[in-house]
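So the structure is just underneath, and the comments pick up after that.
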Amino acid sequence: MIFMQGKGISSGIAKGNIYFLPCPAPAAHKIPVSDMEAEKARLAAAQEKAAAQLEELAEKCRREAGSECADLFAAQAMLAVDESYTERARGILEEERCSAEYAAETAGKEIAAVFAAMDSAYMQARADDIRDVAGRILNNLAGVPDTVIDSGEPVILAADELAPSELVRHKSRLSGLLTRKGSGDSHTAILARTMGIPAVCGLGGSLKEAYAGHMCCMDGGTGQVVLDPDGITAAAFEQKDQEQRERERLLEAVRGQRDVTPDGRELTVCCNISSPEDVDAVLASDGHEIGLFRSEFLFLASGDCPTEEEQFCAYSAAASAMNGGRVVIRTLDIGSDKQADYFRLPEEQNPALGVRGVRFCLSRPEVFHTQLRAIYRASACGKVAVMFPMITSVWEVRECRRACREVMAELDAEGIPYDRDIETGIMIETPASVLIAGELAREADFFSVGTNDLTQYILACDRQADGLDRFRDSHHPAVLRALKMAADAAHAAGIRIGVCGELAADPEMLEFFLAIGIDELSVAPPAVLPLRAQIRGRHSEQTDSVICETKNAGENEQE
Ligand code: PEP
Ligand code: MG
């Protein structure tokens, strides 16, 4: 037995074999090469190897998982040595006199783009296959081992660190997640909580690749991981799992109840989602509204920019499944740690301070326009609101709203139905937005505080980086005062304010949120019932004492 201790970032007990995800090959650069024959031979060998790997996978699937999965890999095996791909890659090698890595990747991108532009959905889906196969050839050239999870059983995925898009890609095959690096505020951690996948990060060097294939038990709450558990240890984890299930069963008592304190104050509990499929989890956990739909994950899950129709399908599916419950769709918050290759964003020194969120949308008006059309069209299928991320200035909100008006005029002209009263809100997640909250409140229909980014930017503390836990304190008085300033500004202007960052689910924060008059908390679906139970169980005297303590803490800090 080997014990490891990391940081629990998504609660729950999981058990399974470890699957170690190797680091993918870095993007290929155009390196000049003189021996073209040697490069051609390397390319051919990597293609042959990819085909053999995929045939082997197809065979394994045929034995263990059925013909549909087997056919997929068999088709990919053919693509790996496909004539037009080979011709194009060799052509690039000769034209550019570059490395096989660059030729393999570029040929894959070019051919995938041709498929993605076709009208048929079937052909468009082939673009993903081509990208996958080209990525496999690139990995073979770089000596990176295979990355397909081919186990029939869900695995505990282990990695150095995991990009949000990779978690999305592997989610159906995971029972748990372990990483050497990472933080609880990263988007990967947030996604794991939304999907209810137990996760532990920060295991550092104690998590070894040699553990691949070993049985492991993990607790995503405490961060405890045990490799090759003996019978007693496995039984202890099993018992903990039972206890958690029993707690969940007891929480059923508040299902269907209102989010109201014993002294009659309403604090609406909503859910955060990242895809229309998450709506099932929202309904299962009795969430009545969606306070944050992180639309960028639709873009990350796809090899190409989703079309208006694809986006409309996703947004309208969520809106209609919520049966009149409001769905706040946040416009594309791409950039920083959420990168989609096809946008070809230039590399930035400080991506968290770069072209992300609304900055991206305002600099790519065609992408923004398409997304807004899809959102407005979806508003005819349910109650939808729009929200803009990363706001720092009044002019940004005005430009966003102008883009909305343009879309409305266009839909009117085309006779396409939409909700004329759709609300447009903004995220308060930068220090600038707090400092000018009064002005912003006159431009927006509602505020939602993104405490993950607000903490990062106020405390100058990277939300992704490990080793900063001590400094990245969302309870810091500066963050709490920013929340109160934003709440005061919202209420002075007569608009509602919610919190949709991870702090919203923190049980220690509830009294503070009530004290400053927060109207809405938006949390991962598994957190809805525990939060509702806490709201319904509290007493008014506690609020008074917390208001006093908050004031005192603020005064002491100032001294
Ligand atoms: C936040 O920053 O708190 C937030 C809700 O947005 P995201 O985590 O997606 O950046
Ligand atoms: Mg944010």
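The values are calculated or read from the model by the stated rules, or taken from the named source; none is laboratory data. All values reported here derive from a predicted model rather than from experimental measurement. Backbone-built Cβ (ideal geometry, glycine too); neighbour counts: all protein chains shown.
Worth pointing out:
- Residue list for the stretch 420-443, filter: within 16 Å of ligand 1 (Cβ to nearest atom) and either in a loop (DSSP other than H, G, I, E, B) or not hydrophobic (A, V, I, L, M, F, W, C) (or both): Gly425, Glu429, Thr430, Pro431, Ser433
- Filter pass, Ile391 being buried (at least 21 other Cβ atoms within 10 Å of the Cβ), under 19 Å from Phe447 (Cα atoms) and in contact with a Phe, Trp or Tyr (Cβ under 6 Å, 6 or more places away or on another chain): no
- Only one entry of Val355, Val386 meets the criterion of being under 16 Å from Glu406 (Cα atoms) and in contact with a Gly (Cβ under 9 Å, 6 or more places away or on another chain), and that entry is Val386.
- For the residues Asp462, Asp469, the requirement of being of a type in the set (Asp, Glu) and within 14 Å of ligand 1 (Cβ to nearest atom) singles out Asp462.
- If the condition is being of a type outside the set (Gly, Ala, Ser), modelled with pLDDT of 90 or more and surrounded by fewer than 21 Cβ atoms within 10 Å (Cβ to Cβ), then the stretch 173-196 contributes only Arg180.
- The listed residue being more than 13 Å from the chain's Cα centre (by Cα), within 30 Å of Ile458 (Cβ to Cβ), surrounded by 16 or more Cβ atoms within 10 Å (Cβ to Cβ) and not assigned by TED's automatic domain parsing to the domain that holds Leu162, out of Gly303, Gly325, Gly287, Gly335: Gly287
- Residue within the stretch 351-358 that is over 20 Å from Leu167 (Cβ atoms), out of contact with any strand residue (DSSP E or B) (no Cβ under 8 Å at 6 or more places or on another chain) and either within 16 Å of ligand 1 (Cβ to nearest atom) or not in a loop (DSSP other than H, G, I, E, B) (or both) present: yes
- Which listed residue, of Ser393, Ser379, Ser363, is under 29 Å from Gln464 (Cα atoms), more than 16 Å from ligand 1 (Cβ to nearest atom) and modelled with pLDDT of 95 or more: Ser393
- When residues of the stretch 237-287 are limited to those that are among the acidic types (Asp, Glu) and part of a helix (DSSP H, G or I), the one farthest from Thr222 (Cα to Cα): Asp280
- The stretch 400-419 - residue that is in a loop (DSSP other than H, G, I, E, B) and touching an Asp or Glu at 6+ places or on another chain (Cβ under 9 Å) and, of those, farthest from ligand 1 (Cβ to nearest atom): Ile416
- Only listed residue being at pLDDT below 85 and among the aliphatic types (A, V, I, L, M), chosen from Ala52, Ala107, Ala89, Ala65: Ala65
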